[in-house]
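**Q** Below are the structure tokens for one structure; questions will follow.
The values are calculated or read from the model by the stated rules, or taken from the named source; none is laboratory data. Just so you know, these numbers come straight off a predicted model, no measurement behind them. We place every Cβ from the backbone using ideal geometry, glycine too, and count neighbours over all the protein chains shown.
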């Protein structure tokens with residue numbers, strides 16, 4: 001096979017989990033060859049370098065073999081070669097270290113874990129060990145209950 005559809009190849013090479021996700025990425029302009037955005041029906045050839053943009057980095061893959069049927073994970077090195085530059089991986093590591101999560105506007109309120117992180121960030125450390133419970137107040141409240 002000399003040529004294959006880009007969406008089928010991306011799915012068969014296990015870059016995307018489903019073919020519909022691969023074709024959606026093509027529609028959104030995340031798949032390029034030489035800076036040119038591709039449609040899902042674009043035919044690729046062996047030797048081409050495909051850029052897949054998955055924020056925050058852009059992966060680059062060299063096509064070694066064109067296939068349209070999904071193969072086992074052990075055969076992937078025969079199908080593609082990862083030629084992503086090391087600076088892209090450094091960018092990914094820096095993004096992980098920073099801990100900043102890019103939340104899209106309108107995605108709703110933070111999860112429980114995100115909320116705890118926000119609280120840890122905003123609450124000063126001075127008050128962390130301060131005892132807010134006052135035993136005197138509890139005794140007076142108990143005395144008032146007896147009177148009622």
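**Q** On the basis of being at pLDDT 80 or above and over 30 Å from residue 42 (Cα atoms), does residue 68 make the cut?
**A** no
**Q** Restricting to the range 1-59, count the residues that are crowded, with 17+ Cβ neighbours inside 10 Å, in contact (Cβ under 8 Å) with a residue 24 or more places away in the chain, within 17 Å of the chain's Cα centre (by Cα) and over 18 Å from residue 81 (Cβ atoms).
**A** The qualifying residues number 2.
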